[in-house]
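Quick notes on the structure that follows.
The values are calculated or read from the model by the stated rules, or taken from the named source; none is laboratory data. Worth saying up front: this structure is predicted, and the values here are computed from it rather than measured. Quick reminder, even Gly has a Cβ in these numbers, built from the backbone with ideal geometry, and neighbours come from all protein chains shown. Heads up: the accessible areas ignore ligands, DNA and RNA and are worked out on the full protein's heavy atoms, side chains in. Shrake-Rupley method; radii C 1.70, N 1.55, O 1.52, S 1.80 Å.
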Amino acid sequence: MMQTLRPWPEDALAIVPMRNLVLFPQALTPVSIGRAASLAALQQALHEDTPPPLGFLLQKDEQADSPGPADLCEVGTRVHVLRSKVVDPSAEGDASTQHLLCLGVSRFRVREWVLTTPFLLARVDLLHDEPEDTLAQAAALALRERAADLLQLLPGVPAEVLHAVQSTREPAALGYVVAALLDAEIAEKQSWLEMSDTAARLERILKRVEHRLDVLRLSQEIGLRTREQLQDRERRALLREQMQAIRRELGEDDSAAQETQRLRQRLDAANLPASVRPEVDAELQRLSQLPPVSSEHALLQGWLQWVAELPWALPEREAQPVSQVLSHARLVLDADHEGLEKIKRELLQHLAVRQLKLQAGTPAHAPILCLVGPPGVGKTSIGQSVARALDRPFGRLSLGGVHDESEIRGHRRTYIGALPGLVLQTLKRCGARDAVVMLDEIDKLSASAHGDPTAALLEVLDPAQNNTFRDHYLGLPFDLSAVLFLATANVLEAIPLPLRDRMEIIELHGYTAEEKLKIARMHLLPRQRQASGLAEGVADVSDEVLAQVIERYTREAGVRQLERRLGALMRHAAWTLAQEGQAPARIGMDDLATILGTPPHTRETAMRLSMPGVVTGMAWTPAGGDILFVEASRVAGSNRVLLTGQLGEVMRESAQAALTLLKSRASQLGLTAAAFESVDVHVHVPAGAVPKDGPSAGLAMFLALASVFTGRPVAHDMAVTGEISLRGLVLPVGGVRDKVLAASRAGLRLVLLPVGNRADWAEVPKSVQDHLKVRWVESVDEALEHAWASGTPIGMPEDTVAKNPGAKPGPARSLSP
């Protein structure tokens, strides 16, 4: 049975607690009631014969489900229920919930609580607003204008609401109506309700309206400005951001966030320098704000991945004594390369300086070494051996055919498909900042419309600048000072002078026959036997067979052609094993012609030099030294000089000088002026398809002309080189070591060299010096003393003299032993 007090006190109100709603007098407000105590109060107020009026009080704590008198504010609003509707149970599932339309009547303050169950009943004092004054009227006027402006800015406001505000004239009522419409904090609204000073209340409400009006106006301006500036690309970006927000709300955006987090962890582990870290962090932050579907997100993510994968920090290596490092390096170089003692010594000297600097803790700028030599002499393999000796990773950067500067410095990352340059790509593959990097074929670089790659290498190979190398793609300073760069080239003159000036030049020359034999026995033959699938000890090749292959089937400075010939021998043995089930135990001399065919190289010097007018010269080529034959002939004619064999301008001038010098020494050779009249002189250098040039064939041309005019052949086992002057001097030339090795490979026994090249003889291997005789000549007269074949008189044969009455016989001279 419900407890009631009847009759109700005249000043009693049935109290309904409100969680987050403040009702104001003169304002219509929809209210939903569902708690049992509130429904009981509503029932008493609506359905009893003498119901108590209804009053709403705000809860201090909106989370309280059964608030008591202590949980409620003291000031509330007495209301009149205009309409009441029970919610359809099938729609809401709770038949006790009621929706009300209430009109605020007046304010009240609780004086005494009468009931707490089954509903709240309190005796109250009605509160009246203070009399209106001029200040209140002015505040009401300003509030009416601002409220009208505010309602016009708000979307979807009915016209009736605007009319109600504009038609309300009483200041207190206007303040209540506007306060009910404002979106303000509940506590602030409760404070307005508790105020008795109408003017003060209106000023507080006016301040809130103006603030709200400023926010709406600013928002409207921003929206208008954004719509005006929004183009097609920005609109798509906005849609992508909205899609990202939707995915984030649906929990579908974790993969992009996880990828960004993994990238952040990789960058933290990369030990980035302090000068680089701020820019990388800024780009990483920008990546987290970009939608994953945007193209810029993919470009930025790729750039950050490259930054994370580059070796920024030097690896920690165990310190070793310098002597131990050099001993290990010497063992590795000796095991991998036969001979090349000078090159090994220079490499070890550079390594010693570097290790001493590292041990002392001083900056050790790695030297830039350039290995220059003919193909196949082991330039690239030396770089691999240096890396293995220092226990560092090795990277090879092939520069042959590179004609674009961007291939060295990289493309700017704004381009589609942009990548870093070859230098940083090689270091990424090596995984270490102190790697050994081989710049292979640096002389094959070429400029184009896309820039000059040799100019881009100037910074890479300058120890004073490469500690802040900037790749176009990376855009960050990267330290290359710890990298040991080794360059290779075949022709030193093809390297631009500024680039050549930044490198230490180390020249590699061809191998001797003995060195080739050792290389073939220790390295080439085992490698080719393994490549052919043969067991060790099968298809053995004796030293005599190897020497025959080197002498008759190859003629090169390096060993590449020799390795191909040995590969052919091993493949024949493998074919025999597959066909007959048993491989030959040994490959003999008789098998060479069957397997390799007719020897392409024979000693033809004796045959060619058995007649007058033919001299063996020595030449230098990018592939090493070589021999060439200079042939001279004279026929009846009109004193013309014919030069053939695709000779360059310098070589043609040497032939003219040789003929003039011969005429000036005609009397010493037993010749008269008549010998040069009415004859055409023809000088030819065979292998006409090969261009030839240079001054070093001058001596050979002079001897060939002297031989054809005197009718005496020169020694068939002799080779000469040297530039001549019109005074008869023999001037020094270059490439002496390679030229002497070529003469040795051709089976010659004597070489004539200029006196000015005596210092170059020390570079010739001792084994070659022991098998060759050298005669140092200072003039063509000394060359003539050694040139004639043994037993041939210096004068011309009788039949030749008879046909040439201008020629005089002279005393016979023989070759000095």
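Shown in residue order for the range 476-486 are the 3J(HN,Hα) couplings computed by the Karplus curve 6.51 cos²θ - 1.76 cosθ + 1.60 at θ = phi - 60°: 10, x, 10, 8, 9, 5, 8, 6, 9, 8, 10 Hz (x for Gly and Pro). A 1.4 Å probe run over the chain, with the rest of the protein chains in place, finds 49 Å² accessible per residue.
Please work out how much length the chain gains when fully extended from L141 to Y415, using 0.36 nm per residue of separation minus the C-alpha to C-alpha distance, in nm with one decimal.
Going from the current span to full extension adds 92.3 nm.
Relative contact order of the chain, taken over Cα pairs closer than 8 Å and 6 or more residues apart, is 7 percent. In this view, the solvent-accessible surface of R560, computed with a 1.4 Å probe and all protein chains in place, comes to about 130 Å². Counting only protein heavy atoms and a 1.4 Å probe, tell me what percentage of the chain's accessible area is made up of carbon and sulfur. Here carbon and sulfur together make up 51 percent of the probe-accessible area.
Straightening the chain between I595 and S66 buys 179.5 nm, computed as 0.36 nm per residue apart minus the Cα-Cα spacing. With both labels modelled 7 Å from their Cα along Cα-to-Cβ, the L331 to E318 distance reads 1.4 nm.
Here's how it looks for D452: its modeled amide H is under 5 Å from those of E405, which are all 5 or more places away or on a different chain.
Which net charge results when you count Lys and Arg as +1 and Asp and Glu as -1 among the other residues whose beta-carbon is under 14 Å from that of G728? It works out to a net charge of -2. When the surface is traced with a 1.4 Å probe over the full set of protein chains, L422 keeps roughly 40 Å² accessible. If we count every other residue with Cβ under 10 angstrom of M718's Cβ, Lys/Arg +1 and Asp/Glu -1, where does the sum land? The answer is +2. Modelled spin labels at D391 and E130, positioned 7 Å past Cα toward Cβ, are 9.2 nm from each other. Name the residues of the range 394-412 whose amide N is less than 19 Å from a point 7 angstrom out from the Cα of S446 along the C-beta direction? Residues 398-408 fall inside that zone.
Out of the DSSP beta bridges found with both residues in the chain, what percent are antiparallel (nearest 5)? If you can, show how the numbers build up before the last one.
Numbers: 53 of 92 bridges.
The antiparallel proportion sits near 60 percent.
Per-residue packing, averaged as other Cβ atoms within 10 Å, sorts the ranges 756-764, 687-695 into the order 756-764, 687-695, beginning with the highest. In this structure, A282 and Q305 have a Cβ-Cβ separation that, at R0 = 22 Å, corresponds to a calculated FRET efficiency of about 0.85. Under 14 Å from the Cβ of A585, count the other residues' Cβ atoms, weight Lys and Arg +1, Asp and Glu -1, and hand me the total. Once positives and negatives cancel, what remains is -2.
The Cα-based radius of gyration and maximum Cα-Cα distance (Dmax) for the chain are 52.4, 173 Å. Each peptide in 129-140, 587-598 was scored by the mean count of other Cβ atoms within 10 Å over its residues; highest first, the order is 129-140, 587-598.
Placing R0 at 35 angstrom, the Cβ-Cβ distance between V161 and R262 gives a FRET efficiency of 0.05 after rounding to 0.05.
To the nearest 20 debye, what is the magnitude of the charge dipole of the range 455-600 about its Cα centre, counting +1 on the Cβ of each Lys and Arg and -1 on the Cβ of each Asp and Glu? Charge dipole, the range 455-600, about its Cα centre: 360 debye, nearest 20.
So how do 647-660, 739-752 stack up, highest first, on mean other-Cβ count within 10 Å?
Details: 647-660: 17.6, 739-752: 23.2.
So the peptides 647-660, 739-752, ranked by packing, come out 739-752, 647-660.
According to the square roots a ≥ b ≥ c of the eigenvalues of the Cα gyration tensor, what is the shape class of the range 431-492, taking rounded for a/c under 1.5, prolate for a/b larger than b/c otherwise, and oblate for the remainder? Since a/c reaches 1.5 but b/c is at least a/b, the shape of the range 431-492 is classed as oblate. In sequence order, the range 277-284 has phi-based couplings of 4, x, 5, 5, 4, 5, 5, 5 Hz under the Karplus curve 6.51 cos²θ - 1.76 cosθ + 1.60, θ = phi - 60°, and Gly or Pro positions carry x.
Annotation: C73 carries an accessible surface of approximately 20 Å², with a 1.4 Å probe and no ligand, DNA or RNA atoms counted. Across the range 695-704, rounded Karplus estimates of 3J(HN,Hα) from the backbone phi angles (6.51 cos²θ - 1.76 cosθ + 1.60, θ = phi - 60°) give x, 6, 8, x, 5, 4, 5, 5, 5, 5 Hz, Gly and Pro being marked x.
Sorted by accessible area with a 1.4 angstrom probe, largest first, how do S532, S385 fall? Could you put the intermediate results ahead of the total?
Numbers: S532 30, S385 5 Å².
Order by accessible area, largest first: S532, S385.
Using a Förster distance of 51 angstrom, determine the FRET efficiency expected from the C-beta separation of N271 and A237, and round it to 0.05. Working shown, then result.
Details: r = 35 Å, r/R0 = 0.69.
E between N271 and A237, to the nearest 0.05, is 0.90.
Ellipticity at 222 nm from helices only: DSSP H runs of n ≥ 4 in the chain, each -39500 (n - 2.57), divided by the residue count, give -13000 deg cm²/dmol. Candidate cross-link partners of K518 among the lysines, defined by an alpha-carbon separation under 22 Å and a same-chain spacing of 8 or more, comprise K342, K344, K379, K739, K766.
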